[in-house]
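Visitor: Here's a structure for you.
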């Protein structure tokens, strides 16, 4: 139904355009005759002009078809230009032949043979039809350019989505492997602790499966998820680690990429306090600063120089996820902590959940 309505609009629009051009041409002809001091029969001039221009309009759909069927591009330039010139010549001859059949019914039309009309009018008709064809080709080029542009944006979005999913596919097995390794290590030494760890891991995995890894989530939900992960790591490290959290109340509804903190905290465990022979500490904080949300994870481990040898999948994927989601508006930095240790800081645009909705 929509397509039929659209076609009718095109036909009505085309008829109106050719009628307007015919009346404009008739006006020009009449004014020229008046300038020469001759009598002007406006009805006769208008009728003749309308018949002439609408005879042209009959062949416009053929030009539209030829433009879409054989568009001019770099690959086919040498073959398409002669083809369209031949089509324009054929259309011009056909239009003159058609108009020759109409002329006897027009008031005041002089008697001209078809050969005479072809000799005197073909070049002019070719110029007219060539101009129309040029406009049609320009419109077709613009249409194809917009289609390619839209397709390119769609492909970029799909590629970005695929890259994010690929990063998550790397991240989840990495986290799962490390946790199962830790549970295996505890199994013989402390079966109850291993059982508790696996139970909490099951709860954590259920949350992971319910959440969409490629969308944002309120920071409070991310902290709840992180608390479950930290509970697993407390079992593994027992009294060897102290974990502190300081999240400003004003940013608890801020939107963050789901699971953004877990790999950073995991890095603090694996490459920070996990390498110490003494008890260590991890501090997690979140606050607003200059229109940005700042997330920090600090540990008192060996520091970024030594730890950087084993950062691996976690932080690398986090950097890439931030770049895919926010571009230059977000970033992850790794630096030395005053007094020893490592600071991982994430900055991203501060957007609250109610504002995004």
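Visitor: Expressed as a rounded percentage, what relative contact order does the range 239-356 have, with Cα pairs under 8 Å and six or more residues apart?
Guide: 30 percent.
Visitor: Relative to the present Cα-Cα distance, how much length would full extension add between residue 351 and residue 329 at 0.36 nm per residue of separation?
Guide: Taking residue 351 through residue 329 to full extension adds about 6.7 nm, to one decimal.
Visitor: While we're on this one: Out of the DSSP beta bridges found with both residues in the range 239-356, what percent are antiparallel (nearest 5)?
Guide: Rounded to the nearest five, the antiparallel share is 75 percent.
Visitor: Now for a separate question. Explain nothing, just the number: relative contact order of the range 188-272, from Cα pairs under 8 Å at least 6 residues apart, as a whole percent.
Guide: It comes to 42 percent, rounded to a whole number.
Visitor: Given the Cα atoms of the range 206-285, and with Rh set as the inverse mean 1/r over their pairs in the Kirkwood sense, what is Rg to Rh to two decimals?
Guide: 0.99
Visitor: Using only the Cα atoms of the range 239-356, build the gyration tensor, take square roots of its eigenvalues as a ≥ b ≥ c, and label the shape rounded, prolate or oblate: rounded if a/c is under 1.5, else prolate if a/b is larger than b/c, else oblate.
Guide: Prolate, because a/c is 1.5 or more and a/b exceeds b/c.
Visitor: Place the peptides 256-267, 218-229 in order of packing, highest mean first, counting for every residue the other Cβ atoms within 10 Å and averaging per peptide.
Guide: 256-267, 218-229
We did not get these values from a lab; they are worked out from the coordinates using the rules stated. Every value quoted in this text rests on a predicted model; they were computed, and no experiment measured them. Glycine also receives a Cβ, built like all others from the backbone with ideal geometry; neighbour counts cover every protein chain displayed.
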